[in-house]
Amino acid sequence: MSDGIPLLGDLAVRAYEIALDHGRFEDEEIAAELGAEPGAVTRIRKALQELRLLSPDLPGRPVVPLDPEVAEAELVTPLEVAVARRRREIARIQQELRSLAATYRTRRDGTADEVPITVLDDFEEVRREIDRARYGCGEERMSLQSGGGRPPELLEADREHTLELLRRGVRVRILYQHTARTSLATRTYVQEITRRGAEVRTVEDLSERLIVYDRKVAFIPKERPDSRPPGAAVVTEPTLVAYLCRSFEAVWQVGRPWAADVRPDEYHQLAEEVRMSIIRLMALGLKDEVIARRLGMATRTCRRHISAIMEEMGAVSRFQAGLMIGRQGLLSDAEFDADLTDLAAK
């Protein structure tokens, strides 16, 4: 038998019914009654035999139809036994590993109590802690993903984790920057997970990354010293985790939903918001690289936007563009003061 059990189409069902009427299955007779090619009938016979609905080909003996209930028992029983064996194996592994979890925590931390904040430098340790939090997550995962579109390899790794949470009924919410919508890989990922129940929104500016599981444990990445994956702070202190959750909710409320299907006018509106964000940051005198990093886009893309804005204004330098922004009233005093305050906080 092949790894997969064949599915019967209407033609195969009709062939089985004719065999029941005749008391045997002969390819030529079945082909004549069905008006089908002999080759197709041969394939149908083999599929029915694979399902134990026909007797095997034996020398000097006709191929006859068999009882479907008997066939079901023959096919399903070995699978049920295999599933039961796997479940026992899973239970044994879980029991043995969980029995050592408390010992591991005690030896590693020096105490059985959870440390409110643990800073991990090794990315593999961070990954293991995230896996542990995800396995135990039963209600909600919320995350901030700054920096625009994510690399395809990271999205592929996260895809199965996210879908597994959704299958368990966990609420999944993700915040991206508007610029992530220009990434084909990120759009494809978002379309799939939103159709499965995830909620995704975008905002202009996200300065940090954050993952929170069940409002109990939060992961805050460390600064990247080089190209290596960063470490992270693992936070379990209830007051601090609650503060991080409130911060997430505040940004979530102003985010724009990223549905599976987005209208063209929404893209135009988002593009205009990104343009105004660039203008605001230009007015503060920030360099191209800083603006690009703040808005989660490539520096080359950011420079194209800046060149277009300067050309539209008729400015020949960044300094002149900054003056013209102020003179033309593109930013209100309140907006400019708010950006200065935000810049000082960073």
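The values are calculated or read from the model by the stated rules, or taken from the named source; none is laboratory data. Bear in mind that the values here come from a model prediction, so they are computed numbers and not experimental data. Backbone-built Cβ (ideal geometry, glycine too); neighbour counts: all protein chains shown. What goes into the accessible areas is simple: the full protein's heavy atoms, side chains included, and nothing from ligands, DNA or RNA. Shrake-Rupley method; radii C 1.70, N 1.55, O 1.52, S 1.80 Å.
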Checklist entry - Mean separation of Cα pairs under 8 Å and 6+ residues apart, divided by the residue count of the stretch 133-197: what relative contact order is that in percent? => result 45 percent
Item to check | residue 97 accessible area, assembled protein chains, probe 1.4 Å, Å² | outcome: 110 Å²
Checklist outcome for this item: Probe 1.4 Å, all chains present, heavy atoms only: residue 243 accessible area in Å², nearest 10, is 120 Å²
Checklist entry - Under a Cβ-Cβ cut-off of 13 Å, what is the net charge of the residues other than residue 138 that fall near it, where Lys and Arg count +1 and Asp and Glu count -1? => result +3
Item to check | Separation in nanometres of the label points that stand 7 Å from Cα toward Cβ, at residue 86 and residue 57 | outcome: 3.2 nm
Next on the checklist: Given points 7 Å out from each Cα along the Cα-Cβ axis, report the residue 301 to residue 117 separation in nanometres with one decimal.
Outcome noted: 3.3 nm
Checklist outcome for this item: Ignoring ligands and nucleic acids, residue 201 exposes an accessible area, probe 1.4 Å, in Å² to the nearest 10, of 60 Å²
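Of the accessible area of the stretch 1-97, with the probe set at 1.4 angstrom, what percent is carbon plus sulfur?
Roughly 55 percent of what the probe reaches on the stretch 1-97 is carbon or sulfur.
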Checklist entry - In whole Å, what three semi-axes, largest first, describe the equivalent ellipsoid of the stretch 149-216 built from its Cα gyration tensor (square root of 5 times each eigenvalue)? => result 19, 15, 11
